[in-house]
Amino acid sequence: SFVTHSCTRSPPHLTHSLEFTPVNKKVLCSEMAFTPSVLQQSSSSTTTTTTRAAICASSSSSKKSSNLAVRRTSRGRKVTATVMASSSNKVEPAIIIGGGRVGQALFDMGVEGDVIVKRDDEFPSSPSSGPIFVCTRNDVLETVIEKTPANRREDLIFMQNGYLDSFLQSKGLEKNTQALIYFAVAKFGEKPTDGVTSVNPEGLTAVTGKWSDQVAARFHNGDLSCHVKDAAKYRASMLEKLIWISAFMLVGAQHPGATVGDVATTHKSEVEGLIKELVQGVADINDVTFEAGTLERLLAYADSVAHFPTAVKEFEWRNGFFYNLSTQTMQQSKDDPFPKHTAMLKAINAI
């Protein structure tokens with residue numbers, strides 16, 4: 001059952017509102033991270049207002065309102081009012097699952113009627129149709145799917161890092177909308193920073209599936225790039241980002257304390273060799289055609305998140321994809337398609 005509040009947007013005549021005060025922005029983090037949001041209320045005789053400071057604060061009073069629906073009026077859209085005015089008619093109300101940085105950012109890009117809930121909350125009854133953005137960690141996706149009514153599961157939009165295809169196929173959701181996120185939210189409540197690079201100034205964020213146009217409309221509403229792709233082109237882009245995160249994190253793990261920038265400079269030859277190996281192996285085994293310039297694109301993206309730390313994590317969803325291909329291939333008495341990758345995993349006792 002829902003253990004926290006839900007947030008909804010509603011017409012101006014209601015007496016609850018959220019007012020946001022812009023905060024200073026400082027970039028960047030390269031991965032989605034989801035931290036609990038906390039709402040603290042201050043009451044008056046006519047309104048209940050939640051400020052940006054209260055959202056970032058934790059207090060005992062927030063626990064008392066765990067089942068309270070906080071409604072936002074049109075007066076509460078101070079941060080994104082200008083953007084919303086030009087494109088809000090293109091964005092449909094949505095359910096957003098995940099109350100962390102990315103979930104709140106999507107809520108701030110949206111329209112009246114949006115609902116944001118925590119991952120442990122019960123599925124909301126309204127809106128009864130439309131997109132459902134899943135902004136949670138990979139390890140709770142099964143729980144999110146189970147809590148979603150069967151007739152609404154086709155509306156789930158998966159935005160996680162890593163290889164999701166096998167998992168989604170096991171749930172009968174392989175045709176669902178997926179989004180490849182190349183923007184970052186440095187702190188809860190801040191506006192996202194688009195992951196544009198010197199090689200791709202048009203941005204790299206992409207989406208495919210039923211709700212592609214709605215995902216793109218919402219992202220554009222937040223001044224973010226988004227490219228709608230067919231399934232085949234999206235899959236190549238998804239595998240390319242999987243190669244980036246798996247290669248940079250694994251090479252970095254060989255050198256404790258290394259940042260993404262360190263990998264791209266001091267250990268450039270190592271990461272380039274690993275990227276080339278992974279690209280070639282995936283292209284051969286999975287019959288994927290990557291667009292020309294993969295290495296240049298991935299190195300340029302590393303420059304945009306150079307300060308980010310490195311670590312091998314979420315193995316099942318990331319490096320585990322390549323290790324499974326190695327294992328399956330060698331079981332057929334063939335050579336390991338990813339010998340560098342396997343050796344690096346062994347060097348850090350990941351396998």
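The values are calculated or read from the model by the stated rules, or taken from the named source; none is laboratory data. Note that the structure is predicted; figures quoted are calculated from it, not measured. Backbone-built Cβ (ideal geometry, glycine too); neighbour counts: all protein chains shown. Ligands, DNA and RNA are stripped out before the accessible areas are found, and what is left, the full protein with its side chains, is counted by its heavy atoms. Shrake-Rupley method; radii C 1.70, N 1.55, O 1.52, S 1.80 Å.
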### Task
Just need a number here: residues in the stretch 136-153 that are surrounded by 21 or more Cβ atoms within 10 Å (Cβ to Cβ) and either basic (Lys, Arg) or assigned to a loop (DSSP other than H, G, I, E, B) (or both).
1
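Could you look through the stretch 179-204, keep only residues that are in a strand (DSSP E or B) and open to solvent by less than 40 Å² (accessible area, probe 1.4 Å), and pick out the one that is modelled with the lowest pLDDT?
Ala184
Quick one: count up the residues across the stretch 230-241 that are open to solvent by 40 Å² or more (accessible area, probe 1.4 Å) and either small (Gly, Ala, Ser) or in a helix (DSSP H, G or I) (or both).
Going through the stretch 230-241, the residues open to solvent by 40 Å² or more (accessible area, probe 1.4 Å) turn out to be 230-233, 235.
So of that shortlist, the ones also either small (Gly, Ala, Ser) or in a helix (DSSP H, G or I) (or both) come out as 231-233, 235.
Residues that pass the stated criteria total 4.
Could you tell me which of the residues Val207, Val228 is touching a Cys at 6+ places or on another chain (Cβ under 8 Å) and more than 17 Å from Arg297 (Cβ to Cβ)?
Details: Val228 fails: touching a Cys at 6+ places or on another chain (Cβ under 8 Å).
Just one listed residue meets the conditions, Val207.
If you go through the stretch 291-309, how many residues are part of a loop (DSSP other than H, G, I, E, B) and within 25 Å of Ala232 (Cβ to Cβ)? Break it down stepwise before answering.
Within the stretch 291-309, the first condition is being part of a loop (DSSP other than H, G, I, E, B), and the residues that meet it are 291-293, 305-308.
If we keep only those that are within 25 Å of Ala232 (Cβ to Cβ) too, we end up with 291-293.
Of the residues in the stretch 291-309, 3 are part of a loop (DSSP other than H, G, I, E, B) and within 25 Å of Ala232 (Cβ to Cβ).
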### Query
Do we find that Val215 is under 20 Å from Glu154 (Cα atoms), under 13 Å from the mean Cα position of the chain (by Cα) and assigned to a helix (DSSP H, G or I) in this structure?
yes
### Message
Checking the conditions here, which among Leu156, Leu168, Leu173 is under 14 Å from the mean Cα position of the chain (by Cα) and at pLDDT 95 or above?
### Response
Leu156
### Query
List pairs: first in the stretch 92-112 and within 12 Å of Phe133 (Cα to Cα) and part of a helix (DSSP H, G or I), second modelled with pLDDT of 95 or more and among the acidic types (Asp, Glu), Cβ under 6 Å, 6+ apart or cross-chain?
Phe107/Asp114
### Query
Can Val288 be described as touching a Phe, Trp or Tyr at 6+ places or on another chain (Cβ under 8 Å) and open to solvent by 10 Å² or more (accessible area, probe 1.4 Å)?
no
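Matching residues to (1) touching a residue at least 40 places away in the same chain (Cβ under 8 Å); (2) farther than 26 Å from Tyr182 by Cα; (3) buried (at least 19 other Cβ atoms within 10 Å of the Cβ):
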| residue | (1), (2), (3) |
| --- | --- |
| Ala292 | no, no, no |
| Arg297 | yes, no, yes |
| Asp303 | yes, no, no |
| Met330 | no, yes, no |
| Asn349 | no, yes, no |
### Query
Out of (1) out of contact with any helix residue (DSSP H, G or I) (no Cβ under 9 Å at 6 or more places or on another chain); (2) assigned to a strand (DSSP E or B), the odd one out for Val207 is which?
(1)
### Task
Of the numbered conditions (1) touching a strand residue (DSSP E or B) at 6+ places or on another chain (Cβ under 7 Å); (2) in a loop (DSSP other than H, G, I, E, B); (3) of a type outside the set (A, V, I, L, M), Phe133 fails exactly one; give the number of that condition.
(2)
### Query
Restricting attention to the stretch 156-172, which residues are open to solvent by 10 Å² or more (accessible area, probe 1.4 Å) and either farther than 22 Å from Phe322 by Cα or charged (D, E, K, R) (or both)?
Asp165, Lys171, Gly172
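Scan Val312, Val288, Val279 and give me the residue that is in contact with a Ser or Thr (Cβ under 9 Å, 6 or more places away or on another chain), in contact (Cβ under 8 Å) with a residue 12 or more places away in the chain and in a loop (DSSP other than H, G, I, E, B).
Details: Val288 fails: in contact with a Ser or Thr (Cβ under 9 Å, 6 or more places away or on another chain); Val279 fails: in a loop (DSSP other than H, G, I, E, B).
None of the other options fit; the residue is Val312.
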### Summary
Flagged in the stretch 242-276 as assigned to a helix (DSSP H, G or I) and either open to solvent by 50 Å² or more (accessible area, probe 1.4 Å) or in contact with a strand residue (DSSP E or B) (Cβ under 6 Å, 6 or more places away or on another chain) (or both), in numbering order, are Asp262, Thr265, Lys268, Ser269, Glu270, Lys276
